[in-house]
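To keep things clear, I will list the structure first and then write my remarks on it.
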Amino acid sequence: MTSTTTDHLAAARALDATDPLAAFRTRFAGIDDGSSDIVAYLDGNSLGRPTRASLDRIGRFLVEGWGGRLIRGWDEEWMELPFTIGDALGANVLGAAPGQTFVGDSTTVTLYKLARAAADARPGRSEIVLDTDNFPTDRYVLDGIARERGLTLRWIEADTSAGVTPEQVEAVVGPQTALVVLSHVAYRSGYLADVPAITRIAHASGALVLWDLCHSAGSVPVDLDAWGVDLAAGCTYKYLNGGPGSPAFGYVRAGLQNTLAQPIQGWMGADDVFAMGPEYRPAAGIRRFISGTPPIVGMLAMQDTIAMIAECGMPAVRAKSVALTEFAITVAEDLLSPFGLTLASPRESERRGGHVTLNHPAMRQVTAALWQRDVIPDYRDPNGLRLGLSPLSTSFEETYRGVAAVRDALDELP
Ligand SMILES: Cc1ncc(COP(=O)(O)O)c(C=O)c1O
């Protein structure tokens, strides 16, 4: 028996009423404050919403920090900000002890710096393992590094509705593998990779591992130190609400840091920044992974989301994320299956991250029609509509309204 839309709306309202994180939603700008016409924002895995705390923080920074402290701000706070925010991220989001996380460049540049340093740290090994469905920037960066260093890319064929399994990694790694680079949560399907198992397999062959955490940081618990991860990088403008173009974070395991030489040798990563000596000598520790002047303005907003996560804890964030994706799938299967839609994300919640992908040949058109109606999911080729559900800011009712709007748009197709 199928449920009615009224049943789903009532279920959504009941879930919102008992949601322990419901109050966090009121801390975001543009929600229930009359400033926005958005009916359902389901793209928090591309660009998270701003928090009200960030509106204040950025305003205060312009007047008091930049305007008031001027150049003194560098000595007083900003020089250390890539590492103080990195440590806060490490403690509350990444499971990383202090001194291993930095914030600075884009995800693309951070991936490049870490992957090239890692490939160089395994001389005599000729291959980088990656998968066919990783985000384009990861594949392009590794292709460039392979050309620069005369290495071979060893591809794992990934299922676009699932992701890379430990067995697939086991089948390709060996004494020739320098580095394995994979995503924790697959950007297309939302598949959640088994990081500890894959990391162990890579290590058993003597390779280093670099994880892309763009779609997991702030939505799925991450335990980098306990999992024995070597290197990681991830976005801050998705579930961490850092704002458009906010800089990425990078993680380098403590024991590895001083053995790595990153390729963009800038003055800010030198051992004595203001000595301005004739040649580059890398700083000891995590500072060596910084290159030039860090983008301080871009680092402001993410601090407010890190503080919210510190307040509620990643297990609560994950519990809400699982509940949201479960609910989205239940409603989608009920309302959308008559249109021949298929679920292109794992059905089991233990293998699913914070977004759900629904496949249908008309999804490109449907997404465009929804944007016209202030319902905002996103679209990824070949046929996928992605529902990115942000645990701190998305409500169950918003999720229901989004899925119901997909049904209406499909119904109206010529
Ligand atoms: C898995 C993954 N890696 C990397 C990136 C982006 O890199 P950048 O922040 O340099 O644009 C994205 C962006 O959506 C992503 O989803």
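The values are calculated or read from the model by the stated rules, or taken from the named source; none is laboratory data. These numbers come from a predicted model, not from an experiment. Because the Cβ atoms are built from the backbone with ideal geometry, glycine has one as well, and the counts that use them run over all protein chains shown.
Going residue by residue through segment 306-317, is there one that turns out to be surrounded by 19 or more Cβ atoms within 10 Å (Cβ to Cβ) and under 27 Å from Ala158 (Cβ atoms)? Yes, that holds for at least one residue.
Filtered by the rule that a residue be buried (at least 24 other Cβ atoms within 10 Å of the Cβ) and aliphatic (A, V, I, L, M), segment 146-172 gives Val164, Val169. Once segment 133-156 is narrowed to residues that are of a type in the set (S, T, N, Q) and in contact with a helix residue (DSSP H, G or I) (Cβ under 8 Å, 6 or more places away or on another chain), the residue that is nearest to the ligand (Cβ to nearest atom) is Thr137. Of the strands (runs of 3 or more DSSP E) lying entirely inside segment 329-397, none contains at least 3 residues that are at positive phi. Take the conditions within 21 Å of Ala316 (Cα to Cα), at pLDDT below 95 and crowded, with 20+ Cβ neighbours inside 10 Å and apply them to Gly48. Does it pass? For Gly48, the condition - within 21 Å of Ala316 (Cα to Cα), at pLDDT below 95 and crowded, with 20+ Cβ neighbours inside 10 Å - is not met. Across segment 169-185, what is the number of residues that are under 15 Å from the mean Cα position of the chain (by Cα) and away from the ligand (no atom under 11 Å from the Cβ)? Residues in segment 169-185 being under 15 Å from the mean Cα position of the chain (by Cα) and away from the ligand (no atom under 11 Å from the Cβ): 0 in total. When we screen Ala88, Ala23 for residues that are outside any loop (DSSP other than H, G, I, E, B), out of contact with any Gly (no Cβ under 9 Å at 6 or more places or on another chain) and closer than 24 Å to Ser395 by Cβ, the only hit is Ala23.
Residues checked against (1) among the hydrophobic types (A, V, I, L, M, F, W, C); (2) closer than 30 Å to Met363 by Cβ:
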residue	(1), (2)
Asp143	no, yes
Gly150	no, no
Ala158	yes, yes
Val169	yes, no
Val173	yes, no
Ser205	no, no
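Listed by position, the helices (runs of 4 or more DSSP H) contained in segment 186-277 that have at least 1 residues being away from the ligand (no atom under 16 Å from the Cβ) and among the basic types (Lys, Arg) are 195-204. Criterion first (more than 16 Å from the ligand (Cβ to nearest atom), modelled with pLDDT of 95 or more and either closer than 16 Å to Thr399 by Cα or touching a Ser or Thr at 6+ places or on another chain (Cβ under 9 Å) (or both)) does Glu64 satisfy it? So Glu64 fails the test.
Quick check: is even one residue across segment 277-291 under 11 Å from Asp105 (Cα atoms), modelled with pLDDT of 95 or more and among the aliphatic types (A, V, I, L, M)?
Looking for residues that are under 11 Å from Asp105 (Cα atoms), modelled with pLDDT of 95 or more and among the aliphatic types (A, V, I, L, M), one finds at least one in segment 277-291, hence yes.
Within segment 97-127, restricting attention to residues that are part of a loop (DSSP other than H, G, I, E, B) and among the charged types (D, E, K, R), the residue that is farthest from Thr84 (Cα to Cα) is Arg125.
If the condition is being farther than 30 Å from Thr342 by Cα and either assigned to a helix (DSSP H, G or I) or small (Gly, Ala, Ser) (or both), then segment 136-162 contributes Val141, Leu142, Asp143, Gly144, Ile145, Ala146, Arg147, Glu148, Arg149, Gly150.
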